[in-house]
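The values are calculated or read from the model by the stated rules, or taken from the named source; none is laboratory data. This structure is a prediction, so every number in the text was calculated from the model and none was measured. Positions of Cβ are backbone-derived with ideal geometry, glycine not excepted, and every protein chain shown enters the neighbour counts.
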Amino acid sequence: MTILTGGTGGAKFIRGMMDVVSPTDLTIIGNTGDDCQVWGLHISPDLDTVMYQLAGLLDEERGWGVRNDTFTCLAMMGFYGEPMWFKLGDRDLATHLKRTRLLQSGWSLADVTAMLCQSLGISARLLPMSNDRVETRLHTPHGVLSFQEYFVRERWRPEVTGIEFVGSDRAQPAPGVVDALRHADGVIIAPSNPITSIGPMLSISGIRQALQETPAPVVAISPLIGGHAVSGPAARLLASQGYEPSPRGIARFYSGLIDWLLIDEKDAALADEIARQGIRVALAPLLMRDREASRALAQAALACCQQTV
Ligand code: FO1
């Protein structure tokens with residue numbers, strides 16, 4: 001199984017997939033549009049969130065970082081006048097220090113990610129969408145913000161007038177990504193933000209094309225229940241890009257790329273209309289309030305894949 005995912009929402013879904021599919025049968029393609037430089041270190045937030053989930057280290061309350069982490073280095077950096085809004089924990093720092101040092105000695109992001117995962121005993125495969133830099137930038141009345149400035153520092157309050165994925169026109173899919181899409185038994189787009197978590201991947205032509213052409217069934221899970229995102233700015237960003245913030249808008253956003261859209265039972269009334277877009281619809285409880293709910297959602301997504309075969 002191949003999963004396309006961003007950070008928080010995707011990690012909860014992956015928790016469910018880990019309970020129903022052997023990790024060695026899982027390939028996860030992670031968004032790197034949120035990557036940033038902090039204190040001179042290369043941070044890959046979505047890769048790290050998924051990696052910590054796969055290793056059982058994720059702080060599940062926050063949805064990012066290492067469980068029970070401490071922030072003593074952050075506090076000391078505060079004394080030196082460094083910005084404190086992007087909180088790097090002491091254990092989390094080891095990941096960024098190791099990644100930065102390997103990147104600086106010429107390793108690709110994919111090879112760094114494989115090395116970190118192997119060191120943490122992870123047997124699922126985690127691939128960055130690309131080894132090339134693709135940077136999500138959001139245009140707002142306050143100027144152009146990186147994703148973390150928008151999402152964390154500004155708490156996604158600013159109105160977004162434009163979004164660009166800088167570098168996507170030149171970026172190549174990372175080794176193994178196209179193969180994982182073309183030769184999967186099934187491809188699942190996790191309930192991540194379609195615009196800023198899945199969008200960067202789709203902006204890389206090799207990935208969009210592989211998704212369009214794969215013989216494997218492609219299932220997307222709506223990150224919205226009704227008109228609202230379970231968490232984060234997905235509804236607002238969809239609307240800013242001209243998509244109705246609803247499962248109907250999600251269907252239009254993924255039109256031509258997916259065979260199935262998994263929506264919440266609360267949105268059952270939209271099923272016929274979405275089906276008229278040529279997308280098959282399945283209903284399932286989308287709120288992953290606990291591990292059992294995540295597992296049930298994973299099983300629902302797999303059931304769609306099995307039906308198509
Ligand atoms: N999200 C926050 O809301 N506040 C933070 O201080 C924060 C720090 C952080 C550090 C490392 C990391 O890997 C992720 C971090 N995140 C933080 C989450 C990050 O903003 C992700 O991009 C989101 O999960 C969206 O994908």
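Restricting the first residue to region 29-51 and requiring it to be closer than 22 Å to residue 73 by Cβ and in contact (Cβ under 8 Å) with a residue 40 or more places away in the chain, which pairs with a second residue that is within 8 Å of the ligand (Cβ to nearest atom) and in a strand (DSSP E or B) meet a Cβ separation below 8 Å and a spacing of at least six or different chains?
35/43; 36/43
Which numbered condition trips up residue 178, out of (1) more than 14 Å from the ligand (Cβ to nearest atom); (2) under 19 Å from residue 64 (Cβ atoms); (3) crowded, with 16+ Cβ neighbours inside 10 Å?
Looking at each condition in turn, residue 178 falls short on (2).
Take residue 309 and tell me if it is more than 30 Å from residue 153 (Cα to Cα), aliphatic (A, V, I, L, M), touching an Asp or Glu at 6+ places or on another chain (Cβ under 9 Å) and modelled with pLDDT under 95.
So residue 309 fits the description; yes.
Looking only at residues in region 62-101 that are more than 12 Å from the ligand (Cβ to nearest atom) and part of a loop (DSSP other than H, G, I, E, B), which one is nearest to residue 51 (Cα to Cα)?
67
Looking only at residues in region 206-233 that are among the small types (Gly, Ala, Ser) and at pLDDT below 95, which one is nearest to the ligand (Cβ to nearest atom)? Full working, then the answer.
Quick first cut of region 206-233, residues among the small types (Gly, Ala, Ser) only: 206, 210, 216, 220, 222, 226-227, 229, 231-232.
So of that shortlist, the ones also at pLDDT below 95 come out as 226-227, 229, 231-232.
Numbers: 226: 22, 227: 21, 229: 12, 231: 9, 232: 7 Å.
Looking at residues that are among the small types (Gly, Ala, Ser) and at pLDDT below 95, I get 232.
Scan region 264-277 and give yes if some residue there is buried (at least 21 other Cβ atoms within 10 Å of the Cβ) and of a type in the set (Gly, Ala, Ser), otherwise no.
Looking through region 264-277, none of the residues is buried (at least 21 other Cβ atoms within 10 Å of the Cβ) and of a type in the set (Gly, Ala, Ser).
From 134, 112, 144, grab the single residue that is under 27 Å from residue 26 (Cβ atoms) and without any contact (Cβ under 8 Å) to a residue 60 or more places away in the chain.
Just one listed residue meets the conditions, 112.
If I filter region 6-22 for residues that are of a type outside the set (A, V, I, L, M) and farther than 24 Å from residue 287 by Cβ, do I get at least one hit?
yes
Among the numbered criteria (1) without any contact (Cβ under 8 Å) to a residue 60 or more places away in the chain; (2) crowded, with 22+ Cβ neighbours inside 10 Å; (3) polar (S, T, N, Q), which one does residue 196 miss?
Evaluating residue 196 over (1) without any contact (Cβ under 8 Å) to a residue 60 or more places away in the chain; (2) crowded, with 22+ Cβ neighbours inside 10 Å; (3) polar (S, T, N, Q) leaves (1) as the failure.
Helices (runs of 4 or more DSSP H) wholly in region 168-232 with at least 2 residues that are over 21 Å from residue 126 (Cβ atoms) - which ones? Steps first, answer last, please.
On the way: elements: 177-182, 199-202, 205-213.
The qualifying helices (runs of 4 or more DSSP H) are 205-213.
Okay, residues lined up against (1) polar (S, T, N, Q); (2) under 14 Å from residue 34 (Cβ atoms):
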site: 166; (1), (2): no, yes
site: 180; (1), (2): no, no
site: 191; (1), (2): no, no
site: 196; (1), (2): yes, yes
site: 200; (1), (2): no, yes
site: 216; (1), (2): no, no
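What tally of residues in region 234-286 results from selecting those that are touching a residue at least 60 places away in the same chain (Cβ under 8 Å) and within 16 Å of the ligand (Cβ to nearest atom)?
Result for region 234-286: 2.
Here are some conditions: (1) over 18 Å from residue 240 (Cβ atoms); (2) among the polar types (S, T, N, Q); (3) buried (at least 17 other Cβ atoms within 10 Å of the Cβ). Residue 123 meets all but one. Which one does it not meet?
(3)
Which ones in region 253-297 are under 23 Å from residue 208 (Cα atoms) and in a helix (DSSP H, G or I)?
The answer is 253, 274, 275.
Does region 141-154 contain any residue that is under 24 Å from residue 251 (Cβ atoms), out of contact with any Gly (no Cβ under 6 Å at 6 or more places or on another chain) and not in a helix (DSSP H, G or I)?
First pass over region 141-154, keeping only residues under 24 Å from residue 251 (Cβ atoms): none.
Checked against the condition, which is being under 24 Å from residue 251 (Cβ atoms), out of contact with any Gly (no Cβ under 6 Å at 6 or more places or on another chain) and not in a helix (DSSP H, G or I), region 141-154 yields no hits at all.
Looking at (1) surrounded by fewer than 20 Cβ atoms within 10 Å (Cβ to Cβ); (2) more than 20 Å from residue 101 (Cα to Cα), which one does residue 50 not meet, given that it meets all the others?
(1) is the only condition that residue 50 fails.
Of the residues that sit in region 2-43 and are over 17 Å from residue 207 (Cβ atoms) and assigned to a loop (DSSP other than H, G, I, E, B), which one is farthest from the ligand (Cβ to nearest atom)?
22
So, in region 59-104, exactly how many residues are without any contact (Cβ under 8 Å) to a residue 12 or more places away in the chain and of a type in the set (A, V, I, L, M, F, W, C)?
So the count comes out to 5.
Kindly provide the set of residues from region 142-164 that are within 9 Å of the ligand (Cβ to nearest atom) and among the β-branched types (Val, Ile, Thr), ordered by number.
152
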